[in-house]
Each structure stands twice: as structure tokens, then as C-alpha cells.
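Here is the structure we will look at, set down as C-alpha cells.
The values are calculated or read from the model by the stated rules, or taken from the named source; none is laboratory data. Because the structure is a prediction, the values reported are computed rather than measured. Here the Cβ is made from the backbone with ideal geometry for all residues, glycine too, and neighbour counts use every protein chain on show.
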Amino acid sequence: MSRAAQVLNTPPVWQVYYPQPEKVERRQRLEVAGTLTVDDPQVQVVALKKAEAGEELIVRLYNTSGRERQIRVQVKPFRQDIRASIGAYGLATLAVPRGGKALKWRRVNLVEERE
């Protein structure tokens, strides 16, 4: 989907799958769309999901440029930014715990283990 958005030169639209959409309120589905923002247009969000184990939010980012990027990621409802770097054509996976007043995140690998 994000490759098609690049070809058509339009921003991607979030595609969320709910196994039982009739049981999920429309309001809840709309809340997902504004959950995350990235300040660099060269970095794409390729996954936003619940962790396989635990209650963390997993954010997977892809750097589409040929050089390292320094990025800021905003995750609602937190006011703090996540500041991270992604290598050229690299992937970065971040784990953000649910709840709490302060944003405490960690970088994880593709199978969601601490790097």
C-alpha cells in the first residue's frame, strides 16, 4: 500500500483490520488514524500494532532514503517526542508501553526483543 502511495504521489491511508468490525464502534476505528506522526517525509510508518507479548504499541519505521535520518516520532496521548536515528534504507522498530504519564520507549528488533 505505501509503495502504491509513492507511485501515485499521495500520502498512505491507514488500513486497519478488525476481525469483527460489526462489534467495533466507528469512533474507536477513527481514533487509530491520528495515533502517530513522524516529522520526516523520507521515513514511512510500515507497521503499527499491539506487541505479540504484553501491552506495548509496536511502531515499525522504514527509511526510504540512502542516508541516515534523525527523526522525531509523536505518539498520542504523550506530549514528549521519541527521537531516534534510522540508517540508510533501514528499519527501526520501537516499543511504546501503554499508559503512564511519561513516555518510556525502547528500541526492539523485528521479533520485538530488546536490541
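Of the residues making up region 96-112, those that are at pLDDT below 85 and not hydrophobic (A, V, I, L, M, F, W, C) are 98, 99, 100, 101, 112.
Residue 22 falls short on exactly one of the conditions (1) touching a strand residue (DSSP E or B) at 6+ places or on another chain (Cβ under 8 Å); (2) at pLDDT below 65; (3) not in a loop (DSSP other than H, G, I, E, B), and that condition is (1).
Of all residues in region 90-107, those that are under 14 Å from residue 74 (Cα atoms) have Cβ atoms under 7 Å from Cβ atoms of residues that are of a type in the set (D, E, K, R) and modelled with pLDDT of 90 or more, 6 or more apart or on another chain, in 94/107.
Of the listed requirements (1) under 13 Å from the mean Cα position of the chain (by Cα); (2) modelled with pLDDT of 90 or more, residue 48 misses just one: (2).
Considering region 60-95, and only residues there that are modelled with pLDDT under 90 and of a type in the set (A, V, I, L, M, F, W, C), the residue that is nearest to residue 37 (Cα to Cα) turns out to be 75.
Within region 41-98, the residues that satisfy the criterion of being in a strand (DSSP E or B), surrounded by fewer than 14 Cβ atoms within 10 Å (Cβ to Cβ) and not basic (Lys, Arg) are 47, 70, 85. Looking only at residues in region 25-40 that are in a loop (DSSP other than H, G, I, E, B) and closer than 21 Å to residue 84 by Cβ, the one that is modelled with the lowest pLDDT is 34.
Checked against the criterion of being among the basic types (Lys, Arg) and out of contact with any strand residue (DSSP E or B) (no Cβ under 8 Å at 6 or more places or on another chain), the candidates 107, 83, 67, 72 yield just one match: 67.
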